[in-house]
Amino acid sequence: MKIAFKHLSKYFGKVKAVDNLNLEVGDGEFVALLGPSGCGKTTILLMIAGIYKPTKGLIYFDQRVVNNVLPKDRKIGMVFQSYALYPHMAVFDNIAYPLKLKKVHRKETKERVQRVADMMGIGELLDRKPAQLSGGQQQRVALARALIKEPEILLLDEPLSNLDARLRIMMRSELKRLQKDLGITTVFVTHDQLEALTMADRVAVVNLGCFQQFSTPDELYNHPKNLFVAGFIGSPPINFINVSLEKSDGRFLLKSRDLEIPLPKELGSKAGNNSTSSEVVLGIRPEHILINEKEGIDTEIYVVEPLGREILVSAKLGDSMIKVLTSPPFKANMGDRVRLSFNLDKIMLFDKKTEKSLLLDKD
Amino acid sequence: MKKKGQTGEGELPLPISSKAKNRTFSRLQGRLAPYAFLAPALIVVTLFFFIPLVMVFILSFTNLDMTNFGILEWWRPANWSLDNYVKIFTNRFFPKILGNTLIYVALTLAFFNVGMALVIALITTHINRQAGFAFRALWLLPRITPVVVYIMMWKALSGPAPMGIINNFLGVLGIGRGEYLLNTHPWVFVILVNGFIGASFGMILFSSAIEAIPKDYTTASKVDGATTWQTIRYVILPMIKWPLLFVTTYQTLSLLTSFEQIMLLTDGGPRLYQTEVWALTAYHRALTSYFGNTQWGYGSAWAVALVVIGIIMAIIYLRVFKFGELVEEPKIDRL
């Protein structure tokens with residue numbers, strides 16, 4: 001089933017939790033809502049579920065406006081961050097609850113519960129109470145309860161955040177596989193970029209109740225639309241350097257007290273056309289900086305952190321710190337002077353005032 | 001920093017005997033301190049609760065009354081017998097009084113102290129928070145009004161035609177005949193009067209218990225396809241089982257022993273024993289009499305029998321609600 005928002009807003013008193021959202025989720029698509037805590041992600045999810053009514057705007061399921069449809073008539077399955085398993089019911093009754101409400105026949109209920117429980121690998125736990133289960137088992141029960149009524153939309157609210165690191169990585173791939181096998185349109189809320197990027201087909205980055213960007217993980221990482229997205233996605237985070245965009249001899253230059261980078265022609269003219277002032281933020285990801293001895297910007301190594309597969313080097317450039325990811329072996333020590341050169345194909349430029357990318361074609 | 005146990009040893013060398021004495025004293029102090037703290041409560045409970053309880057229990061086996069007071073040595077086992085209990089159960093009005101008590105407790109409990117309390121709690125937790133709070137505060141008024149004033153208001157409400165407010169409404173509807181309603185429908189008023197006060201207790205406990213249920217459970221239930229009623233039935237009610245048990249048990253016991261509102265309202269009337277309940281009988285037998293002959297022993301027997309009934313009821317409740325399961329500890333979380 002397709003989901004679409006048209007100018008969707010939700011206000012709580014004067015607080016604008018969600019403001020004028022437009023979004024389309026395709027049939028069978030796996031979409032992540034990614035953003036920091038309190039940015040309105042869960043509010044969006046609860047509006048899809050029908051728990052909150054939008055203040056303004058419309059929600060469509062396929063062609064139908066569902067603003068006034070009750071949650072029970074929306075064919076939705078939902079998994080909560082807390083799992084919300086009813087503590088007084090055994091696992092069987094928890095999973096069977098949606099069927100019991102629909103007054104499905106006992107025998108059929110039994111079969112369907114067993115089937116979905118076996119699929120989730122919890123067929124042996126049906127007579128336990130939720131308090132007797134581990135976190136991972138509880139999550140499977142919550143998923144089974146969401147899936148048993150064969151929903152057309154699956155909503156996941158931070159489903160992995162209560163699991164330990166090892167289990168989380170396992171459930172990440174398992175959830176992704178399950179979603180593809182079942183083909184259910186899935187909207188998934190998380191504050192963890194790794195979860196969003198690894199699992200989702202498309203990621204909507206949300207901040208302050210607005211979509212910052214809605215695109216594939218690859219687009220988000222390589223072509224962020226604005227400063228927030230660029231800074232939010234990526235670990236270790238992107239380097240931002242305040243520079244000024246200047247023109248001399250028909251070529252564009254990035255200049256600051258500590259560096260001067262001539263831009264390639266195409267890049268320069270694009271940035272020059274889009275910018276509103278000469279104040280620009282240069283963004284470059286740590287893995288797109290090369291360390292060498294001969295050419296580039298002269299810096300001093302502040303600290304070296306080996307991460308095993310890679311080495312994270314922090315270098316001092318004027319008042320700011322530049323993070324560089326390089327591959328071992330790396331010989332230099334703290335205090336050594338090295339030269340950094342930026343991969344100009346990969347740099348990003350943002351307008352300092354509007355915070356928008358200067359390299360994307362205008363909408 | 002000094003280590004524990006070194007206090008006074010390093011810098012203040014004391015003679016051995018005084019040190020030993022000090023130690024004995026502090027040990028004694030440690031032993032007595034808890035009792036010292038308990039003493040005020042223990043004294044009050046013993047004097048005003050435990051001793052009277054034992055006395056009532058003993059008195060229930062004697063025929064102590066106004067006429068033999070000071071003569072009868074009620075504390076001697078030789079003067080004890082079961083006569084009072086035989087007298088209770090062979091009393092001509094015993095079935096009437098027992099029936100009254102059952103009707104009074106069952107109806108007040110079901111319709112008000114638990115039923116109405118639950119309804120108010122559910123409604124006021126599902127509407128706007130402030131409105132819910134205001135309504136609950138309003139409902140507390142009868143409880144904080146002095147009971148005599150409260151009963152006077154009910155008497156005024158139920159008064160005959162031109163004065164009684166209820167009769168005025170009934171008159172408009174054409175169903176009232178303007179009588180003194182306390183005489184025509186005493187039971188309705190006995191239950192209403194007690195219920196309006198009684199419901200506030202459960203209302204407060206239930207609404208705080210409902211508000212303590214994490215929002216996720218009710219949201220989950222709605223998404224799972226439940227109507228509001230189904231959510232209440234399958235999620236909210238099971239989750240407030242503990243306060244439900246407590247209120248039911250506690251209110252049964254307090255209704256069984258309560259009589260002051262009935263005494264002020266109908267005093268067991270208007271017709272002979274029409275609204276006389278067990279606790280009121282105990283009071284009447286022990287402390288009031290038209291001829292000044294108050295039968296303390298006989299009254300005590302009524303009271304003791306009521307306590308026994310109360311204990312039996314409490315045990316039945318614990319069984320019905322499966323108290324053991326309610327306090328079962330969860331198994332330790334395992335990965």
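Tell me, what is the 1.4 Å probe accessible area of residue B:80, in Å² to the nearest 10?
100 Å²
Check residue A:204: other-chain or 5+ apart residues with amide H under 5 Å from its amide H, H built from backbone geometry?
Under 5 Å from the amide H of residue A:204: A:32, A:33, A:34.
Based solely on its DSSP helices, what 222 nm [θ] is calculated for chain A when runs of n ≥ 4 H residues each add -39,500 (n - 2.57) and the sum is averaged over all residues, nearest 500 deg cm²/dmol? Walk me through the numbers on the way to the answer.
Working: 9 runs with 94 residues, N = 363.
Calculated from helices alone, the mean residue ellipticity at 222 nm is -7500 deg cm²/dmol.
Once fully extended, how much extra length lies between residue B:242 and residue B:71, figured as 0.36 nm per residue of separation less the alpha-carbon to alpha-carbon distance? Walk me through the numbers before you get to the answer.
Working: separation 171, 0.36 × 171 = 61.56 nm, distance 5.07 nm.
Residue separation times 0.36 nm, minus the Cα-Cα distance, leaves 56.5 nm.
Provide the per-residue ³J(HN,Hα) series for segment B:190-206, in order, calculated from phi with Karplus coefficients 6.51, -1.76, 1.60 and θ = phi - 60°, each as a whole number of Hz, with x at glycine and proline positions.
4, 6, 4, 4, 6, x, 4, 6, x, 5, 5, 5, x, 4, 5, 5, 5
Between A:257, A:145, A:202, find the one with the highest GNM mean-square fluctuation for chain A; connect C-alpha pairs within less than 10 Å.
Looking only at A:257, A:145, A:202, the biggest GNM fluctuation is shown by A:257.
Which percent, nearest 5, of DSSP beta bridges in chain A are antiparallel?
On the way: 60 of 78 bridges.
Of the beta bridges lying entirely in chain A, close to 75 percent run antiparallel.
Keeping all protein chains in position, work out how much accessible area residue A:351 exposes to a 1.4 Å probe, and write it in Å² to the nearest 10.
My reading of the accessible area for residue A:351 is about 0 Å².
Rounded to whole Hz and in sequence order, give me ³J(HN,Hα) for segment A:9-20 from the Karplus expression 6.51 cos²θ - 1.76 cosθ + 1.60, θ = phi - 60°, writing x for Gly and Pro.
Per-residue couplings from phi come out as 9, 9, 10, 10, x, 8, 7, 8, 6, 9, 10, 6 Hz.
Around residue A:128, which amide H atoms from residues at least 5 apart in sequence, or from another chain, sit under 5 Å from its own amide H, with H modelled in the peptide plane?
A:91, A:92
How far is it, in nm, from the label point at residue A:331 to the one at residue A:27 when both lie 7 Å from their Cα along the line to the Cβ?
A separation of 6.2 nm, rounded to one decimal place.
Can you give the three extents of the C-alpha atoms in segment B:95-280 along their principal axes, from longest to shortest, in whole Å?
Dimensions of segment B:95-280 along the principal axes of its Cα atoms: 56, 39, 29 Å.
Suppose R0 equals 56 Å. What FRET efficiency, 1/(1 + (r/R0)^6) with r the Cβ-Cβ distance, do residue A:58 and residue B:96 give to the nearest 0.05? Spell out each step's value before the answer.
Details: r = 68 Å, r/R0 = 1.21.
With a Förster radius of 56 Å, E is 0.25.
Run the reach check for residue A:107 against lysines, Cα to Cα strictly under 16 Å, same-chain hits fewer than 8 apart removed. What comes back?
Qualifying lysines at Cα under 16 Å: A:149.
Using θ = phi - 60° and the Karplus relation 6.51 cos²θ - 1.76 cosθ + 1.60, list the HN-Hα couplings for segment B:69-79 in order, rounded to whole Hz, with x at every Gly or Pro.
Using θ = phi - 60°, the values come out as 5, x, 9, 6, 8, 5, 7, 7, x, 4, 8 Hz.
Using Cα positions and a limit of under 25 Å, work out the lysines in reach of residue A:294, with same-chain residues fewer than 8 apart set aside.
Result set, ordered by chain and number: A:255, A:265, A:316, A:323, A:331, A:346.
Using the beta-carbon distance between residue B:175 and residue A:150 and R0 = 60 Å, what value does 1/(1 + (r/R0)^6) give for FRET efficiency, to the nearest 0.05? Don't jump to the answer; show the numbers that get you there.
Working: r = 55 Å, r/R0 = 0.92.
About 0.60, to the nearest 0.05.
Within a 10 angstrom radius of each residue's Cβ in A:80-86, how many Cβ atoms of other chains show up on average? Whole number is fine.
Values: counts 7, 1, 5, 2, 11, 3, 8.
Average neighbour count from other chains, rounded to a whole number: 5.
If you take every residue apart from residue A:83 with its C-beta less than 12 Å away from the C-beta of residue A:83, what net charge results, scoring Lys and Arg +1 and Asp and Glu -1?
Working: positive: A:140, A:145; negative: A:157, A:158, B:216.
After counting each charged neighbour, the total is -1.
Give me the distance in nm between label points sitting 7 Å out from Cα along the Cα-to-Cβ direction at residue A:346 and residue A:162, one decimal.
The modelled label-to-label distance comes out at 3.9 nm.
Quick check on chain B: helices-only [θ] at 222 nm, where DSSP H runs of length 4 and up contribute -39,500 (n - 2.57) each and the sum goes over total residues. Nearest 500, please. Working shown, then result.
Details: 18 runs with 211 residues, N = 335.
One gets -19500 deg cm²/dmol as the mean residue ellipticity at 222 nm.
How much accessible area per residue does segment B:90-212 have, counting only protein heavy atoms and a probe of 1.4 Å, in square angstrom?
Values: 6590 Å² over 123 residues.
Result: 54 Å² of accessible area for each residue.
Which value, in Å² rounded to 10, gives the accessible area of residue A:120 with a 1.4 Å probe and all protein chains present?
Answer for residue A:120: close to 10 Å² accessible.
For the interface of B with A, what's the total buried accessible surface in square angstrom, probe 1.4 angstrom, rounded to the nearest hundred?
Details: alone 21850 and 18670 Å², together 38260 Å².
By this definition, chains B and A bury close to 2300 Å².
Over the Cα atoms of the protein assembly as shown, what Rg and Dmax result, in angstrom?
Here Rg and the maximum Cα pair distance are 38.6, 128 Å.
For B:278, B:75, B:229, B:187, give the ranking by accessible area with the largest first, probe 1.4 Å.
On the way: B:278 5, B:75 140, B:229 165, B:187 50 Å².
Largest to smallest exposure gives the sequence B:229, B:75, B:187, B:278.
The values are calculated or read from the model by the stated rules, or taken from the named source; none is laboratory data. What you are looking at is a predicted structure, and each value in this text was computed from that prediction instead of being measured. Note: ideal-geometry Cβ built from the backbone for every residue, glycine included; neighbour counts use all protein chains shown. The area values use the complete protein model at the heavy-atom level, side chains included, leaving out ligands, DNA and RNA. Shrake-Rupley method; radii C 1.70, N 1.55, O 1.52, S 1.80 Å.
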